[in-house]
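Novice: Before we start, here is the structure in question, set down as structure tokens.
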Amino acid sequence: MRNIKIAISGDLGSGKSVLAKGLQKELGFEIISIGVIQRELAAKYGMDALEFNRFMETHPEIDIECDNMVIALGKEDRGLILDSRLAWHFIPHAFKIHLLCDAKTAGKRVFEDNIRKNEKYTSIEDATQKLIDRRNSEVLRYKTLYGVSIDDMNNYNCVIDSTDKTPEYIFQEVISQYREWLGENID
């Protein structure tokens, strides 16, 4: 198997996990989700996702530990799908995907999601505002720690706005662009 890494980043609620599962089914690569790891850490600390993001603003060692894990995974000799806001930065040889999503649509998706056990919202509006607050925290942390902007679309090989797209459409578009990229990056 080739040492291919696929880095998926994007807005909260944009469909990164759904896309990762589709790519896993198609390519057979393991998925590593830094978001899942951070949600587990948040639960361990007795915090929800937003509280934990704010906590990490003053505890950069948590980001650094997660980011060092991503760097190490990038060096492994196997195909991997990394659901991580910064894998594009730490694994420059990866195929880099970024999904965008309107905040209200993302809020609705996350509010109706049953997977995020330690993320409870009272309404779609509450979910939307907390996602905006989490994103603002992340933008600040990444700029402060690494001097990078997750909003610079030049960082990515494939950018898709998932707001009004089906998961199947997104998957097909990503696979098409991935195959094109793969042809250009043959070892």
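The values are calculated or read from the model by the stated rules, or taken from the named source; none is laboratory data. Everything numeric here is computed off the predicted structure, so don't read it as measured data. Glycine also receives a Cβ, built like all others from the backbone with ideal geometry; neighbour counts cover every protein chain displayed. For the accessible areas, the whole protein counts, side chains as well, though only heavy atoms, and no ligand, DNA or RNA atoms are used. Shrake-Rupley method; radii C 1.70, N 1.55, O 1.52, S 1.80 Å.
Novice: Helix 167-184 against the longest principal axis of the chain: what's the angle in degrees, Cα atoms only, rounded to the nearest 10?
Specialist: Around 40 degrees separate the two axes.
Novice: Can you list, bin by bin at 10 Å, the percent of alpha carbon pairs in the chain, starting at 0?
Specialist: 9, 38, 38, 14, 1, 0
Novice: Next question. Expressed as an acute angle from 0 to 90° and rounded to the nearest 10, what is the orientation of the C-alpha long axis of helix 124-146 relative to the principal long axis of the chain?
Specialist: 60 degrees
Novice: When you have a sec, figure out the Kirkwood radius of region 22-83 from all distinct Cα pair distances and drop it here in Å to one decimal? Let's see the in-between values first.
Specialist: On the way: mean 1/r = 0.0776 Å⁻¹.
So the Kirkwood estimate lands at 12.9 Å.
Novice: Out of the total accessible area of the chain (probe 1.4 Å, heavy atoms of protein only), what percent is carbon and sulfur?
Specialist: 53 percent
Novice: Using 7 Å Cα-to-Cβ label points, what is the Gln129/Gln177 separation (nm, one decimal)?
Specialist: Taking the simple label geometry, Gln129 and Gln177 are separated by 3.3 nm.
Novice: Using a 1.4 angstrom probe, figure out how much accessible area region 61-187 has per residue, in square angstrom, rounded to the nearest whole.
Specialist: Values: 6760 Å² over 127 residues.
With the other protein chains kept in place, region 61-187 gives 53 Å² per residue.
Novice: If you average the C-alpha positions of region 140-164 and of region 9-78 separately, how far apart do those two centres end up, in angstrom?
Specialist: Centre-to-centre distance over Cα atoms comes out at 15 Å.
Novice: Roughly how many debye, to the nearest 20, is the charge dipole of the chain about its Cα centre, given +1 on each Lys and Arg Cβ, -1 on each Asp and Glu Cβ, and no other charges?
Specialist: The dipole magnitude comes to about 260 debye.
Novice: Further question: Which of the lysines could a cross-linker span from Lys96 if the Cα-Cα distance has to be under 17 Å and same-chain partners fewer than 8 positions apart are dropped?
Specialist: Candidates past the 8-residue exclusion: Lys5, Lys16, Lys21, Lys75.
Novice: Running Debye on region 99-187 with equal point scatterers at the Cα sites and no solvent, what base-10 log of I(q)/I(0) appears at q = 0.15, 0.19, 0.26 Å⁻¹?
Specialist: Results for region 99-187 at q = 0.15, 0.19, 0.26 Å⁻¹ read -0.77, -1.04, -1.20.
Novice: Mind checking the angle between helix 34-44 and the chain's longest principal axis? C-alpha axes, 0 to 90 degrees, to the nearest 10.
Specialist: 30 degrees
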